[in-house]
Structure formats: structure tokens, C-alpha cells
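The values are calculated or read from the model by the stated rules, or taken from the named source; none is laboratory data. Quick caveat: nothing in here was measured; it's all calculated off a predicted structure. No Cβ is skipped: glycine too gets one built from the backbone with ideal geometry, and neighbour counts run over all protein chains shown. Calculation scope for accessible area: heavy atoms of the full protein, side chains included, ligands and nucleic acids excluded. Shrake-Rupley method; radii C 1.70, N 1.55, O 1.52, S 1.80 Å.
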Amino acid sequence: MSARIPSTGRRPPSVLGKRSRDLLVFLRDHTIVALVLLLCIFVFGIELIRPGTVTPTWLSNSLQFAAPLGILAAGQTLVMLTGGIDLSVASVATGAAYLLTTNVSLGGFAAVLIALAFGVIVGALNGIGVALLQVQPLVMTLGTGLMSGGVMIVYSQKMLASQARVPGFIQALGSGKLWGVAPLDLFLWVPLAALLIFGLSRTGFGRLLYAIGDNRLACHLTGIRVWRILLVNYILCSVVAAVGGLVLVGSTNAADLGLADVYLLPSVAAVIIGGTSIFGGRGGYGGSIVGAVILTVLTSLLTLLDVPEPIKQILYGAIILVLAAAYARLTG
Amino acid sequence: MTEAATLLEIKNVAKRFGSVKALRSAELRVRAGEIHALMGANGAGKSTLVKIITGVFPCDAGSIVLAGVARNFRSPAEARRAGIVSVYQDPALVPDLTLSQNMRLARVPLESVTGYLAEMGIGKVDLSAYVRDLPQPILRLIDLARALASEPKVLLLDEITAALPSDMAGKVFEMMRRWRERGHAVIFISHRMAEVSAICDRTTVLRDGATVGVTETASGSQEQIVSLMLGTDIAKAAQSVAQPGVGQSIPKDEPPTLEVRGMGLRNLLHDLSFSLRPGEVLGVAALEGQGQDELFDCLAGVRRFDSGTILVEGKEVHFRHPGDAIKAGLVFVPANRLQALLQQRAIRENVALPMFRSPRSWGPLSMARERERVQSAVTRLQIDTRAEAELRRLSGGNQQKVVLARWISHGFKTLLCFDPTRGIDVGTKRQIYSLIRELAAAGSSILLFTSELPEIRLACDRAIVMFAGRIVNEMPAREADEATLLLSAHGLVPRVAAEA
Amino acid sequence: MRTSSKLLYASLFTILLSVAGAYSARAADKYVVGVSNTLIGNGWREEMICSIKAQALASGVVSKVIVANRNAGPAEQISDLRNLISAGVNVIVLNPSDREALNPVIKQAAARGIVVVAVDQAVSAPEAYVLSNDQVDYGKAGAEWLFKHLNGKGNVVEMRGIDGVPADADRHKGFTEALANYPNIKVVAMPFTGWALNKSAQQAKDLLASGKQIDGIWTSGLDAVVVDAIQTSGKPLMPVIGADNNGFVGQLITLKDKGFAGAAVTNPPSVGGAGLAVALDVLQKKGDHPKVIKITPEVWDNTSDVGLATLKRNYDPKLDPYYSMDYTVAPYTTYTKDQLLACKGP
Amino acid sequence: MVRNDPSEKGATGFLPSGGARVASMRWAGRYLPVIGMPLLLAVALLFTTWIHPSFGAFDIQSLALGALPLAFAAAAQTCVVISGGIDLSVGSLIAVANVLAASTMQHADFRQALLLAAGILIAGAISGAINGAIVVLSRIPDVVVTLTTGFIWGGVALLIMEKPGGGAPQQFLDLAAGTTLAPWLPNAVILLIAAVAVVWIPLKLGRAGLLVYAVGSDRVAAFRSGVGVETTRILAYTLSGLFSAMGGLALTMTTAIGAPLAGVYYTLSGLAALVIGGVSLTGGRGGISGPVLAAFVLTLIPTDLIFLNIDPNYGQVIQGTLIVLVVMLGGFVTVLRNRK
């Protein structure tokens, strides 16, 4: 991965007028406004392509589907703020979901605890590697992702006849709606988001995450035990990912071992679109939320466009790339 | 006097980064066969100008004329081909390549590099050694030799002597003179007035991104340069050198805040013992690499030592982590601000950082209380807060003040300052030293290493001199004139001779 | 890194040594069966492997089942097959990742007297026996039931699998063949679900909320999640075609009262066990089998009495919603349901 | 995070340092990476022959065929990582080359197939260069760029060939699948050595290699030394594209078909081979032989599992554990060394 170094690139001389430059400055300082605008454009586009699509039901569905991704992106945001990345979130989410469904016989609550414990274990392993042994997060989490995925496969062999099912309250959480419009998973996601946004800006722990992402050595010299924060942070990320897995399995009502795989790259993409720097130290969860919703709506858009699959893939990749490029230009 | 031909002419160069104007109208005329100093306070635009001259980035306006031809270099390589080569403060050698590979990389003939190295008296360098295994000062000279090997018409030296021991600095000056004799030009950037007046023919002074004057080196030119750099009012203030309270008598009966007994670390530190009383500023003088880095690291809890003890207020302490040292009241200001600061975060967050050392502080924080604490420190240090949202937009001097503000707001018993004024302009330097005196007057003790020997007399009460990992001399600050310090720092002290 | 890797490899070596010791004992004069599969973490494939193990146990003539199982493409499967050959197996049961790519290695196996059976999907090598569910027929049978149920008129959605996978292409072919006979049926959307549950669910909900008129949904096996989506969307339950997955079978039974019509098309994973049975017959020179055996899918609908009875007979509320309920392939498999669920080889 | 910080390293070199020990450590540092992986592969092979005494020419060929595409994937990743980047689109580029080869060569004769192969190599290099150009011009982090171009190239592969099919002339397949010289020396091995050598040796001896290492080691210092950092980074991605295309051709040779999805496994496996092969993700260090040989070791894992008849599902666990252990032990040693 590239190190943070002074850019050797050159900027094109500014040809913009003062007003548009002011607008750019405004957008740079309030990227979330730009993101929300973009989201509106997508929604408008959907309504244009398929008039009558954008209804309260559709909006509520979109939010409901954005929730698992948004929750996975929450953990990813925490880790990326410290300059890391967690490629094991999908394995953790899948594993948590699978553990939940196969341990329901012990009682719903116990099954949820087991699922979350899985998150703690993988997160602790990530944390030990990254925080104590200073392994690169990308490699470490790639390894633990493979490892925990493999463990779940071996486990699944022993669990073929385990009467797997999804407990009612998880199913309600993942696919239920209050008064037919308010997705129940929002009642988990919104408080979690509020907690995270508050925590990142108004707690010592949040402060430290930004500080470590900005300059780990400076934190060390300032007497901060960096490894403690990183360890806790990776555990948090994995537990949040496990929660995401639970919401996900609630929406599908069954777990297979590829359940959350499709969310791995989008969880990173949502954070990047949301304006959190992959080098750490800058960004926040607010952007990731909008990023997750944008990606969900984009998927919707591509489904409704009914274009051939290859074109969908190309469009999906290209749109994320363009967004990231626009972001890089804006904040440079 | 016949005017030699102008070799390099910079006319009206301007450069802005976003909303910040780094250069407004820089002018520079360098003749063939002269050593030309470029001076200016931090943030005056020296580095930007150097980077524009060497093609690191283009200028927005103005022109560069080399030997009568207008040029606009798009990369350092292009500038090099035209005969302009720069040596930076940190070497431009790639760490994972060997020396000879580095020379191939820059397309300079190996024999010529070894030739120049021999001229500088370091002919016996293993060219197959990896750069990452070599010490910094040697690399700086190798970098210079490499620059010379491409036979530049204009040689730019950007603070090359900032952390160079004086014998090596002497070699650099020797090479600069030789280059002048060959009819080439040298542009020399340094904060050290003595060096500039000793070696340079003329000086161009930048202030706030514009050229404010050119002086010939002559008697009295130093004062002229300072007043140009600072503007008249501040210059006067800067000339009153002596700090209040320097050399005051410290009551001997008070127990020391910090005592080091017999500290040893591999072959880097040997049986180091000294003590520091409340209200005392103890200066450490040494050439580069005599163990002072390790001493400060050990005291700050950054690394562990093999033998000996540290006592804080009479009690033995063990540091396993910088946090332990801070808890014991020892706080550290490293020379390199990049090691201490969060460049993308606000001043407030930088100052408040040590508050979050303990997991107990991980919870919700009181913004009002934090703001109050930070504000008082910021006001006291007169930190320019116009660009407070992101630290990287602050000038070097202001950044250094933020580090000090951090520890002042946090509180400490002993301040470990390692070369706090490296690369900082005269005005800020003065502010920092008077702050150090103030802190001492309020009862704190301060251990201060500085690479600029004259400063010992300005700021300290007492001085120790280190050589080869030992303390070789100790004296009251008023006796610590440059000559004495230099002699000791080279190990030329009777006491060492007696021991041997 | 270097010293550390040395340490690591030393310890790994020791672990493997001890494992090797434990496995070195071999039983004589029984057959060794090799299995090759290239999609893991997939319930259907696991059930297929279990059926091979169960059949091996039930046959009584198999000493050992060696499974080569990983997520991979044809290149890796070739190397797995070669390793199985090298390990001295007598039978190879494989679920091929490609129709053509494995032919050379199948030839090599046959040359060494190994009986090769491709199950689930076909290979073109003449040496191999092919015992597969007819995927074209699978697509066709379900589609025909759906179109007939809609009286030959209406808008349908075809929810496919993964673009670029042979089974998906075959099913689509069958679907298209059926469509040709019903000019008034219109396919209004054809999303690829990637055989991922959540992607399926989102696509179903998006389409249902899009305001398009949808009269029926054909799915490529991810069925229950679509029925759930229809239920939560608040739309009337339209007919859905799925596979013989336990959860969907349950929905067909329990939601019938709410006016839900649909059909499960069988796609038995027990082709694995059946394939082994064929191979063992060939080895023991018992009976004659054609080289290509196609299992014709059954359609279990909940609108006819026979269909409903079959659904009820096969439904097991204790099992996983995506467990395939058509767990025997007559006349080949001889194991019991318990043996299959135990998933233990000899 | 702070790399090559001048002030971090004390000027200890001024003092006489501890002679023999330092010398031996330096020797080990220089030569262990060179002999480490071959040694490991030898041990792995010995172990395999020990658990499976009839291990012979057939099995060596199996190994070579299995490892060939992965080795190219690892080589592709190595080029970029040494230059200080990362390429998560390797697998998709392999897929593109694979389907391109299988769809165009189906009815070609050997000579035409070779020409087409050359064309595909050029196309691969161009695709890699496009990746690199986007990374350099957009200033988006390389992880993000290659992640998204991975999607895009994957879509392109599907556009070229929607489902597996195609083919290539037998002589072309025999370039990898046959054994021309000796039964125990598969063509795949010769092909691999030749292909890697043809690209790597001139690179390593010439100036281009120097540039790639320099940029990966310290971008600022390289820039100041007059290196065109941006063109060098594009060059590294171009090489990655070239090796990816080789991987795609190798996949065609070993499977005789094109499969639009077959390449995707190689992104992560290639990265795994890179890590186990001892190349640091920080750039500037390491060679190509480590990852290439690690590809063979990784290929031996499922083989040994089959010979040992262990539940093959442990394969993924083992691979993941291997990565985790290697990097954790590596980190542990570094931490210990720093503590001294």
C-alpha cells in the first residue's frame, strides 16, 4: 500500500470562477452534502427510468437493505480511521449468522451471544496481529478471514442436521416493519449510528482513533498505549460485523456460508465513498452511512435497469471509481 | 567592481497552494562563481522557491532564467540535465538500494562520486552497502558527492548542515568554496547566521513569500539580515540576547527532580550520571551521534537501557513505555515535529492528546473544559490560530509551539527538549527560549539538547557535554562559550585524557 | 520474517508427520473412492458429498472416501483429480466445474482403470459416466408449470443464478424453450441473483416495489427468500417456482390456505450417491449402465392432490430451510435418511 | 507508519559496531530470502514423497500444472508490491486473458495461436497500464482503484465469453501440459522459468528494475534522484498486467478452455503466495522467486491433504493459518528486535 507522502503530482491551474470555487470549498468542507445530493440524483434517476418506483415502500425497503451493509461499514469505518482495513468482516458476519442459526436449540439469546463471541474471537486475533505484532492489517485480516471462513466450513460439516433456523426476533429485526413502513432494523441501526457518530467526535476513544490514524508514532510518544486502542477497535469492528451478520440473516431467514461475501468489497467501498481516508485520520461514520445507502440504491438502479450482468458489473465498478476520483479531486 | 555574469535569475515567481499564498513575488539573482545565501523566517517561502527552481512543482507566475534562457522544469531530472541540482536536508537516497545502485539511479558516474567522497575525506565507503544501514551524516555527504558528480552549474544546499557535526559541516563548506572557485554557483540555505556570514558572498532575504533585500557579506550585515528577515520591530527584540534568569543560582539544598545514575546502553551510553534540580535548565551539548539521542529516548521511556537507574524526586522509576515517563512527570519534545503532531487534526486535538492516555478517559469528553484548557495554553504561547482546523497548514515554528502547549496544558515536572529550535526562525526561537526560562522560573526543570552551541549560554543554567556516550565535561552556563563546548564535544578535554 | 518462517515450517512439519502416521493404516481389497468438488460452503454440494459418503457406507464395499473439496475453477479441479489418481482411488465421483476442460485427465484416469462418474453436471469425455439432473429440463418443467398455471398469459420474472456458470445457462435454455410455446407470457425482468440469499431478497423486493405488474416468479433455487419478500411487500401471493428446498416445501404447504400456489422442481443432491452406486456396479461388473443417465426432475406442486401429498411426505420442519428434500435417487441409492444426515463415510 | 524517518535511526554507524555478529546477520539478511523458499519447497516435496512414496513424474506434472497460473498471479502481484502498490485486479485480468485466448484460438492453428498469445500478452500489459494510469492520474489509493477495476475487468471477461467454452490447438496446450524434455520435467516448469526469466532478468539487470525498487522503497527520495515516479508506477502495473496475461494463457493451456469466472480465485491466492514468499507489502524489498516458489508450496497443501485423506475443508483453514502465522511471527521477531 502506498505510504502517505507529499504528492509529487501537479495540480491543473484553476480555471474556475470564484463562485464555483466557493462552491468547491463548501463541498470540500461538507462532503456529506455532496453525497446526499448524489443520492438524490440516483433516486431521481430511478424514478425517471421506472416512473412510479419511488414510493414510501421502496424507500423503506432500500433503507432496510442498506442496514446490514451500513452496519458492516460501521466496523470498517472504525478500522479505516486508524489507517487499517478489515477484510474479515464478511467471514465474521457469515460465521455469526451461521452460528446463530445452528445454535438456536440453546435458546435465541444464547445463540446471539455465541454469534457475538465469534466476532470477539476473530476481532481479538486481528487486534493481536495488528496492534501487538504490527502486522499489516490487509494481510492479517485476509488471513483471519480465510481462517475463520475455513473453520466455519469445517463446523458446517458437523452441523448438517442441526435443525438450523432463524429465531423469530432476529427475523423480525431483519425483515420486519413497524406500521408497514418503518423497517425494524433501523431501530438497531439508527441508535448504533448515533452512538458511533457521537463516540467518534465526543469521546476520548474516538479522538484516539483519529489520532492513531493520523500519526501512530506521535501517539506512542505522547504516552498512549496504541495497542490497547487498536485491539479494542478491531474487536469492536468484528462484533459490529457480527451484528451486521445477524441483521442479514434476519432478512434472508436462512444462512449459508456465502451469506455476507457479497458485502465485503461494498463495505470498504461505502466507507471510501463516505469520505474516510484509507490512510486514516480523516472521515467519519456519517459519510459511510450515506455511502452504504448510495451503494444499495445503485444496486437497485442496476436491477431495475435490467442491463446484462457484465454491463452491471462494469457500471458498478466504474461508478465507485468515479465517486472516489471526484472525492480525491475535492479534498486533494 | 566588475559584475560577474548572472547565471540564474528568478523573476517575480508566485505560487499558491489552495488558499495559501506561499510565494508572492520572489526574486533571486545568482552570479557564476559565488556562494549565495537564501534566508528567511519559517514560512517565508524558501523551500517553495527551491522546489520551483528544481522542478518539483511549477510556479503559477514569474520566470526562471538560466544562463540567459528562460526555463520551466517539469521534474528534478530535467533541472539536473540543465545543470541545477539540489541537496536536501534529508538525503535523497533510496534506503533499500545499495550506494552504487543509487548512483546508477541518478545516472551519475560512480568514479566521480568516489572521487568527491575522497576529497571530503571519506573515501573508504563500501559501495555495496545498503543505504538503510548507513548513518545519516555520512549519507548527507554522499548525497552531496552525488550532486557534485553531475557537475551542476547551480548547486542548491537546503539546510544541509542542520544536523551535521561541525567537522563534517566544515567539509561541506570546503566543497562549496571549491565549487565557487570552479566558477559555478552555490545557493546555500541555512538558519545559522554564523555559517552564512563565514562562507557566503551575498544573501537574499525572503519574507512572507517575497524578496525583501539582498546584502553583501560585510561587517554588520548580520544585523541587516536579521532586520530584513523579521521586519524592524521584532529585530530589535531579537537582538536582546540574554534571557531573563539565565545563570541564576539554584538553591543546592533542594532535592533533584531528576537524577540519572550510571546509565549504560550497549556501546552507546556509558555510566551516565547527572542530576537536575527544580527550576534548573540543564543544557546538553554534543556533536551528532554521541549518545544524546539515546539518552533522551531512555529518559522519555521510548527505549530501555541496560544498566543504571533513573530517580524522580528521589524515587527509583522504571519506564516500559513513554506513558510511564509522562506519569512520572517527564515529558518529551522531539526534534522532528512530524514525530509529535497529528498533521491532519486541529490544534485543539493536538494539545489535548495526552489527556487520553488512560482507558478511563476513553469515555465522553467535556468539550467546554477541554477548550478552556487548550485555549489558555494557546494564548500563552501566542500560537497563530488562523489555520487551526488542520495542523499541517501551520508554520514550523507554530507547530513546535503546539507541542510545547500540549505539555504545558497537561503539566509536567521535567521537560526533555531535544533540539526544539531546529529549523525555526529567529523570532520563534527567542519566544521558545524565553518560554523555557519562564517555565524554569515557575519551578520546572528542563533538560535541553541543542545543536547550536551558542544557544547553551542563552537559555541554560548549567551545561554538560557528551562525547562517545559519556559525559566528558560539566560547567556553569556562563563559562560555556562556543570554544570550550566545541573542544569538549570533540573529546578534547583534560579529564578524558586523564582517564585514558 | 525468515527466522520466523523457519520456526513455523518446522512446527507445521511435525504436526503433519504425526497426522500422517495416524492415517497410514489401509484396509485391503475394498474400493477407495475419490470425490472432487469445487464449490464449498454450499448446502446442496455438501448434501451431495454426504450422499456419496452414505452410499459408500451402505454399499459395504468401500474402504475409504477421499474428498478433494475447495472453492476453485477447472485448473484446480484438474490438479485435484490428478492427485486423486495418484492417491490410488478406484472410483472418482466428481461434480465437474466444466464440460470440456477435464477431459484429458478423465482419459488418464480411465486408462488406469478408474471408473469416473460425473454427477450433477455433464462432461463430454466418452470414458466417463454421467449421471446428472437434467438442468435444461429443470428450467423447462418449472417454467411450463408456471406458464400453464397463469393460463398462458402474464408477466413473469426469471431470477437466474450466476452468469457464466453452465447450470445457469442450461436452466435458462429450458426456460426459454418453454417460453417459446407461450407467446403471451412476458419476461419483465431477468436478474442474476448470484445464488446469494440477500441479493435475491433485495432484487425481489426492488422488483416488487418497482410498480411493474408481476404475475409469477421463476427462481433458480433461491425460493423461500423470494416468498418471504412477497409476504413482506404486502402484495398478494403470486405463484413461485422453486426447488425441493425444505423451507420452500414448507411454505408451499403452509401458505396454500392463503392462496399461495407454486411448485418445487426437484434437483436431488443425491445424484452423488447414485453416481457412486453406478460406479460400484461397473467395478463389480454387476449390471449394465448407459454412459449417460439423466435424472428427470419431478414437479411437486401444491395445487394437485398428488403434488401436495408428495410435498407433505418430504417436508421435515427440523431441517435447514435450504436442505434439499429429494434425498434419494431410485433405483440407485440404498442408504437411509439417517445415514445421509449423519454424513459419515466408511 | 513513519517509514525511513531519518531521525529515527541513531547515527550508530559512527561507532565501531559489533563485528562478527552484525556481519553474519547481514549475510543472513542477504542470502536467506534467496535460499529460504527453495529450501521450504524442498522440505515440502520431501514430506510429500514421504507420505506418498509413489510420488513421481505424474505428480510432479500435477504440481506444475496446478501451480502455473498461481505462480504467474504471484509474479504479477510481486511487481506491483515491490513498487509500493497493490493490485487487487490480478484475478480479473487473468480471467480476461483466459477467455480472450480460448475464444480466439478455438479454430486457430499453432502458429496463429502463438501470434494470438503475443497479442494477448500485449493486451494484458495495456490493461495493466490502464490500471496504473488510473492510480497515478486519479490519485485515488491503489487499493480502491484496483478493487473497482477488478469489478470492471471481471465484467469485461463476462462480455467476451458469457459461459465457459472455447479452446486452443493441442500443440499450444502442450506448451504447458506436455513433457517434452524428460518425463519428470514438465513443460509447465520450463515455461514458467522461461517466461519469468525473460521478463524479470532484463528488468533486474537493467535500469527499469532499479526504478521499480527505488520507487517502492522511498518515493520521495526516488523522485529527488530524478526518477519518474509516476511512469515507474505505471510500469509496475504494466508488468503486473503482462504477468496476469501469462497467468490467463497458462490457465488456457492447463484447462484447454476459457472460463469467465475461473480467474477470480487468483487475486487472493496470489496475495497469499506473495506474503508467504516473503515479500513485504511496504515495497522496495523482495524478489520474484519467493512468491513463485510459494505458489508451488500452496499448491502442495491440497495435494497432501488428499494423500493424507484429511477433511479437505481444512485446506482453507491451513492456508489462512499459514498466512496469519507467517505474518504474526514476522511481526513478533520485529517487535523483539526493536525492543533490544
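Helical runs assigned H by DSSP (4 residues or longer) give chain C a calculated mean residue ellipticity at 222 nm of -14000 deg cm²/dmol, each run adding -39500 (n - 2.57) before division by the residue total. Accessible surface of C:K30, taken over heavy atoms with a 1.4 Å probe and every protein chain present, rounds to 90 Å².
For the segment B:105-112, counting C-beta atoms of other chains within 10 Å of every residue's C-beta and taking the mean gives 3. When only alpha carbons are used to place a centre, region B:454-490 and region C:61-75 end up 77 Å from one another.
Judged by the gyration tensor of its Cα atoms, with axes a ≥ b ≥ c, chain A is oblate; a/c meets the 1.5 cut and b/c is at least as large as a/b. On a 0 to 90 degree scale, rounded to 10, what angle separates helix C:2-23 from the longest Cα axis of chain C? Taking the Cα atoms of chain C, the angle to C:2-23 is about 90 degrees. The distance linking region A:197-213 with region A:119-134 is 20 Å (Cα centroid to Cα centroid, whole angstrom).
For chain D, the longest principal axis of the Cα atoms and the long axis of helix D:142-160 meet at an angle of about 10 degrees. If you plug the beta carbon distance of A:F44 and D:I126 into 1/(1 + (r/R0)^6) with R0 = 41 Å, you get a FRET efficiency near 0.65. Comparing C:I92, C:I49, C:I162 in a Gaussian network model of chain C (Cα springs below 10 Å), the most mobile by mean-square fluctuation is C:I162. In the assembled protein chains, B:L157 presents an accessible area of approximately 0 Å² (probe radius 1.4 Å). Taking the inverse of the mean 1/r over every pair of distinct Cα atoms in region A:262-318 gives a Kirkwood hydrodynamic radius of 12.0 Å. Computed from point charges on the beta carbon alone (+1 for Lys and Arg, -1 for Asp and Glu), the dipole magnitude for the protein assembly as shown about its Cα centre is near 2020 Debye. Please work out the FRET efficiency for the pair B:S25 and A:W179, using the Cβ-Cβ distance as r and a Förster radius of 56 Å; give the result to the nearest 0.05. For R0 = 56 Å, the calculated efficiency reads 0.25.
The accessible-area ordering, largest first, of the residues B:K124, D:K163, C:K205 stands as B:K124, D:K163, C:K205, per a 1.4 angstrom probe.
In chain B, the DSSP-assigned H stretches of four residues or longer account for a calculated mean residue ellipticity at 222 nm of -10000 deg cm²/dmol, using -39500 (n - 2.57) per stretch and the full residue count as denominator.
The long axis of helix C:135-149 is offset from the longest Cα principal axis of chain C by roughly 20 degrees. Potential lengthening of the chain between C:N181 and C:A111 amounts to 20.7 nm, from the contour at 0.36 nm per residue minus the alpha-carbon distance.
Counts of other chain beta carbons within 10 angstrom of each beta carbon in peptide C:182-190 average 1. The distance separating the Cα centre of region B:361-375 from that of region D:265-340 comes to 46 Å. For chain B, the spread of Cα positions along the three principal axes, ordered from largest to smallest, is 69, 59, 46 Å.
Using a 1.4 angstrom probe on the protein heavy atoms only, could you order B:K413, C:K173, C:K148 from most to least accessible area?
C:K148, C:K173, B:K413
At the residue level, C:K153 shows approximately 140 square angstrom of accessible surface with a 1.4 angstrom probe and all protein chains present. Highest mobility in the GNM of chain A, judged by mean-square fluctuation with C-alpha springs under 10 Å and restricted to A:V166, A:V240, A:V43, is found for A:V43.
Which links in B:K51/D:K204; C:K291/C:K312; C:K153/C:K312; C:K53/C:K337 stretch past 23 Å when you go from one Cα to the other? Correct reply: B:K51/D:K204; C:K291/C:K312; C:K153/C:K312. With a cut-off of 17 Å, note down the residues of region D:243-262 whose backbone N falls inside the zone around a label point 7 Å from the Cα of D:F110 toward its beta carbon. It comes to D:253-254, nothing else. Annotation for C:M190 and A:L113: the two label points, set 7 Å from Cα along the Cα-Cβ direction, are 5.2 nm apart. Among the residues of A:199-205, the average count of other protein chain beta-carbon atoms within 10 Å of the residue beta-carbon is 5.
The relative contact order of chain A comes to 32 percent, based on Cα pairs under 8 Å that sit 6 or more residues apart.
Applying 1/(1 + (r/R0)^6) with R0 = 22 Å to the Cβ-Cβ distance of B:Q382 and B:A194, what FRET efficiency is obtained, to the nearest 0.05? Given R0 = 22 Å and the Cβ-Cβ separation, E is 0.20.
Label separation (A:R228 vs B:D60): 4.7 nm, computed from points 7 Å beyond Cα along the C-beta direction. Could you tally up the Lys pairs in region C:170-235 with alpha carbons closer than 18 Å? Skip any pair fewer than 8 positions apart unless they're on separate chains. Lysine pairs satisfying the spacing and distance rule in region C:170-235 number 4. Placing a label point 7 Å from the Cα of D:V198 along the Cα-to-Cβ direction, the residues of region D:169-185 with a backbone N closer than 20 Å are D:169-182. Only protein atoms count toward the accessible area here, which uses a 1.4 Å probe; on region D:97-231, the carbon and sulfur part of that area reaches 70 percent. Label-to-label distance for D:L46 and B:L127 is 4.1 nm, based on points extended 7 Å past Cα in the beta-carbon direction. Counting only DSSP H runs of at least 4 residues, each contributing -39500 (n - 2.57), and dividing by the residue count of chain A, the helix-based mean residue ellipticity at 222 nm comes to -23500 deg cm²/dmol. Figure legend: label point modelled 7 angstrom from the Cα of B:S275 along Cα→Cβ; residues of region B:441-461 with amide N under 20 Å from it are B:441, B:443-448, B:461. Oblate is the label for chain D. Its Cα gyration tensor axes, ordered a ≥ b ≥ c, give a/c of at least 1.5 and b/c at or above a/b.
Site-free segments of chain A were taken between trypsin sites (Lys or Arg not before Pro) in DSSP loops having at most 13 other Cβ atoms within 10 Å, sites themselves excluded; the longest one is A:159-332.
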